[in-house]
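Input: a single structure, listed below in structure tokens.
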Amino acid sequence: MPKIIDHEAYRLELATKAVDVFIEHGYNGLGMRGIADAIGVSKSALYHYFPSKQELFSACTEIITQPSNLYGVAEGEAVPAAKDEAIAAMIGVLDNRFQGEMALLLDYVRGKNAGEVAGDPLMNKANAQYLLEMQNMVGEPQANQAMALMLGGLLMRMLSGKQIGIDEITSWITALPSQEKGSDD
């Protein structure tokens with residue numbers, strides 16, 4: 001009797017495993033053969049589900065930008081309701097992989113000009129999702145500033161050997177003046 005495979009579930013499993021591979025090796029660090037070896041499948045199996053490395057990376061971007069993954073909660077579990085808890089959760093999740101994420105990001109945009117980066121659908125998706133989450137927490141007018149504080153704070157934390165606490169970065173963001181959606185202030 002042939003083995004029944006849930007192709008969507010297996011595709012998701014492969015992409016989920018590939019997230020860590022991209023974070024560890026960067027975008028250009030491995031080809032499809034190296035990625036297949038790292039996640040324990042044949043190259044032909046990987047190509048069956050993802051015809052190109054760009055499509056695999058796109059699936060990884062989709063996974064990493066899901067709200068459950070941004071906040072480190074189980075699929076279907078609610079994100080923290082309190083603003084400070086939600087911000088701290090997002091910062092904590094990103095902190096766990098920040099160095100690898102930054103290396104991956106810089107590797108991915110290497111050789112692209114500003115217009116290419118601005119027009120890149122994966123960059124736009126990731127930026128839009130993080131910005132949307134920040135808008136939900138601090139309001140639209142402060143979302144860009146909150147993003148800058150989060151990313152800048154995490155960079156400072158990384159460069160200082162984690163001498164800056166996640167709670168301190170969270171406090172910078174929660175100190176922003178609150179703006180309710182639709183407020184004209």
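The values are calculated or read from the model by the stated rules, or taken from the named source; none is laboratory data. For clarity, every value in this text was computed on a predicted model and none was experimentally measured. In this analysis, Cβ positions are derived from the backbone assuming ideal geometry, glycine residues included, and neighbour counts consider all displayed protein chains.
In contact with a helix residue (DSSP H, G or I) (Cβ under 8 Å, 6 or more places away or on another chain), of a type outside the set (Phe, Trp, Tyr), loosely packed, with under 15 Cβ neighbours inside 10 Å and outside any loop (DSSP other than H, G, I, E, B): which single residue out of Leu155, Leu131, Leu149 fits that description? Full working, then the answer.
On the way: Leu131 fails: loosely packed, with under 15 Cβ neighbours inside 10 Å; Leu149 fails: loosely packed, with under 15 Cβ neighbours inside 10 Å.
When all the criteria are applied, what remains is Leu155.
Sort out which residues of the range 62-89 are in contact with a Gly (Cβ under 8 Å, 6 or more places away or on another chain) and either assigned to a helix (DSSP H, G or I) or surrounded by fewer than 15 Cβ atoms within 10 Å (Cβ to Cβ) (or both), and write them in order of number. Walk me through it before giving the result.
Initially, the range 62-89 is screened for residues in contact with a Gly (Cβ under 8 Å, 6 or more places away or on another chain), giving 68, 72, 89.
Passing the criteria: Ser68, Ala89.
Test of understanding: among Pro121, Pro177, Pro141, which residue is surrounded by fewer than 12 Cβ atoms within 10 Å (Cβ to Cβ), farther than 25 Å from Thr61 by Cβ, out of contact with any Phe, Trp or Tyr (no Cβ under 7 Å at 6 or more places or on another chain) and not hydroxyl-bearing (Ser, Thr, Tyr)? Outline the logic, then answer.
Numbers: Pro121 fails: farther than 25 Å from Thr61 by Cβ; Pro141 fails: surrounded by fewer than 12 Cβ atoms within 10 Å (Cβ to Cβ).
After applying the criteria, what remains is Pro177.
Of the residues that make up the range 104-111, is at least one within 20 Å of Ala146 (Cβ to Cβ) and not assigned by the TED database to the domain that holds Leu14? Steps first, answer last, please.
We begin by selecting, within the range 104-111, every residue within 20 Å of Ala146 (Cβ to Cβ); these are 105.
Still in the list and also not assigned by the TED database to the domain that holds Leu14: 105.
So far as the range 104-111 goes, yes, one or more of its residues are within 20 Å of Ala146 (Cβ to Cβ) and not assigned by the TED database to the domain that holds Leu14.
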